[in-house]
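Only one structure is covered here, and it is reproduced in the block below.
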Amino acid sequence: MSPAYGFVLFLFVTLAFLGAVVVTGRQGRRRIHVGLVACALAGLGTTIYFAERLGEIYDVRTAGVITPIHLTLAKVTVLAYLLPIVTGVLTWRNIAWKPLHAKFAYTVLTLTVLTAVTGSVMLALSDPVSTP
């Protein structure tokens, strides 16, 4: 599978899983919610794998200032996923954590969308890698 096709496919798969995570979380369907979180994380990991492989096709350094912005945002977003995971475990044990868990979850969803947008801009501004 080409890096571009794999990236787009798994980005949409990840976003679909994240949408289902939100729905099942709001419905209180904990077991399904946790399973979908695992699927979303697997999709995210696969998306990141293909995003890295896009470096075979695009010279992202040519995109300018958006590249370090996107890469920093992407790293922060991946680390931020720990917040709803930890508070999700705490919520499973004590429902009083649910409001904080929801805030962290929506924050991570927002960061994920911003990361996707900055990554798209970065790729649009990048030059293709020249082949010898």
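Six or more apart or on different chains, Cβ under 7 Å: which pairs go from a residue in region 15-38 that's free of Cβ contacts under 8 Å to residues at least 12 places away in the same chain to one that's surrounded by 14 or more Cβ atoms within 10 Å (Cβ to Cβ) and part of a helix (DSSP H, G or I)? Could you list them?
From region 15-38, the pairs are Ile32/Thr24.
Which helices (runs of 4 or more DSSP H) does region 54-132 wholly contain that include 3 or more residues that are among the polar types (S, T, N, Q)?
Fully inside region 54-132 and qualifying: 66-80, 98-125.
Has region 62-74 got any residue that is crowded, with 19+ Cβ neighbours inside 10 Å and more than 20 Å from the chain's Cα centre (by Cα)?
The answer is yes, given that some residue of region 62-74 is crowded, with 19+ Cβ neighbours inside 10 Å and more than 20 Å from the chain's Cα centre (by Cα).
Table: residues versus (1) closer than 18 Å to Thr107 by Cα; (2) touching a strand residue (DSSP E or B) at 6+ places or on another chain (Cβ under 9 Å).
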position	(1), (2)
Ser2	no, no
Gly28	no, no
His33	yes, no
Ala42	no, no
Arg53	no, no
Thr62	no, yes
Lys75	yes, no
Leu79	yes, no
Val86	yes, no
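Considering each of Val21, Val86 in turn, give the residue that is open to solvent by 60 Å² or more (accessible area, probe 1.4 Å) and among the β-branched types (Val, Ile, Thr).
Every option except Val86 fails the conditions.
The values are calculated or read from the model by the stated rules, or taken from the named source; none is laboratory data. Because the structure is a prediction, the values reported are computed rather than measured. Reconstructed Cβ throughout: ideal geometry from the backbone, glycine too, with neighbour counts over all protein chains shown. All accessible areas refer to the heavy atoms of the entire protein, side chains included, with ligands and DNA or RNA removed. Shrake-Rupley method; radii C 1.70, N 1.55, O 1.52, S 1.80 Å.
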